[in-house]
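The values are calculated or read from the model by the stated rules, or taken from the named source; none is laboratory data. As the structure is a computational prediction, the values presented were derived from the model and not from experiment. Ideal geometry is used to build each Cβ from the backbone, glycine not excepted, and the neighbour counts take in all protein chains shown.
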Amino acid sequence: MSENSEKSANSSWNYHPDLPLANPSIFQWPTNPTFLFKWIFNNWLTLSERILLVALSILLWKFCYPDFNKVQVLSFDWVIQTYVVNFLLILTFAGLLHWYFYMRKGQGDELKFDRRGMGEKNKLWSFSNQVHDNMFWSLGSGVVQLTAFMVITMWLMANGYAPTITATSNPIWFVLSLILLPIFSAFHFYWIHRLLHVPLLYKRVHSLHHRNVSVGPWSGLAMHPIEHFLYFSSLCIHWIVPSDPILVIFHVLWLGPNAAMSHTGYEDLLIKDKRRLALGTFYHQLHHRYYECNYGNQEMPWDRWFGTFHDGSEHSTTETRKRKVRMHV
Ligand SMILES: [Zn+2]
Ligand SMILES: [Zn+2]
């Protein structure tokens, strides 16, 4: 591939990070202690998205979600309370991000990957509008199923059917779980995502999410109900691994509101020209454009190990297109 065609392929983006994409996986061999320390520092010892979500989990647990004693008996009032909190969470996260980036245009096109905006007056979308269509799936099936998985998990824990710990009774396992949950959820996501790309399931189910080539915050949870079911089943880990309810809430935030953040279509939130909060990744943006690549998450090694990694180069695009043809013959 000549340098010129590489340049013109890359210029089809409004913005992209340095290419080819670096390998930010913590699963590197030989292990690099400096890299691991930086990873821990950036994710857990600064005001990162993960720290913000932990703080929010504690606040929601204390003030918004139903009292743990109450959830022993299934009843309409606390199930509805859980549903309303989840509905407001998705509405607030996706709504605020959409308002800031796409209505107020608070950051213009800076760090925006795709040149395109949200689709309008296009029959591809229900209501002929990408945002309204995405809201319908996110707030409909998305919030209902997220709530259902959460309610069952909390009920199992409150009744002693699922193993429970508390942050004070087992602080080491609590902290370790916080670090491991996003890693587990990336592992789970990779495999259900590969399954969703099996041609039959792709056509009937996952193509709904993939209509979003140019993504926005509401695209994150815009999924077919079967995909919601598979995606939120990640929460079943708490049925077998000892957890504190705060860990369940953190996991809920990681799967729900975090999907809005990671699909913003921008790499970072800039405040006074400084990158203050990580949002989307070019890694997943490439998946939305080229489909049969980058099924997982950039920090995890699965795509590299299983040969589905797209590093943003034209060579990777050619390989991905060949894979797509092989898969969909
Ligand atoms: Zn996506
Ligand atoms: Zn996909």
Subset of the range 17-67 that is of a type in the set (Phe, Trp, Tyr) and surrounded by 15 or more Cβ atoms within 10 Å (Cβ to Cβ) - its residue that is farthest from Val85 (Cα to Cα):
Trp39
From the list Val241, Val198, exactly one residue is modelled with pLDDT of 95 or more, within 15 Å of ligand 2 (Cβ to nearest atom) and of a type in the set (Val, Ile, Thr). Which is it?
Val198
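Matching residues to (1) touching a strand residue (DSSP E or B) at 6+ places or on another chain (Cβ under 6 Å); (2) more than 26 Å from Leu208 (Cα to Cα); (3) hydroxyl-bearing (Ser, Thr, Tyr):
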{"residue": "Leu91", "(1), (2), (3)": "no, no, no"}
{"residue": "Leu96", "(1), (2), (3)": "no, no, no"}
{"residue": "Tyr102", "(1), (2), (3)": "no, no, yes"}
{"residue": "Gly108", "(1), (2), (3)": "no, yes, no"}
{"residue": "Arg115", "(1), (2), (3)": "no, no, no"}
{"residue": "Gly119", "(1), (2), (3)": "no, no, no"}
{"residue": "Leu124", "(1), (2), (3)": "no, no, no"}
{"residue": "Phe127", "(1), (2), (3)": "no, no, no"}
{"residue": "Gly140", "(1), (2), (3)": "no, no, no"}
Within the range 181-192, count every residue that is touching a residue at least 12 places away in the same chain (Cβ under 8 Å) and away from ligand 2 (no atom under 12 Å from the Cβ).
8
Looking for something closer than 18 Å to Val252 by Cβ and either assigned by TED's automatic domain parsing to the domain that holds Phe232 or touching a residue at least 60 places away in the same chain (Cβ under 8 Å) (or both) - is there at least one such residue anywhere in the range 193-216?
no
Inspect the range 269-286 for any residue being closer than 19 Å to Phe187 by Cβ and surrounded by fewer than 21 Cβ atoms within 10 Å (Cβ to Cβ) and give the result as yes or no.
yes
Taking the conditions exactly as written (part of a loop (DSSP other than H, G, I, E, B) and at pLDDT below 95), does Asn212 satisfy them or not?
no
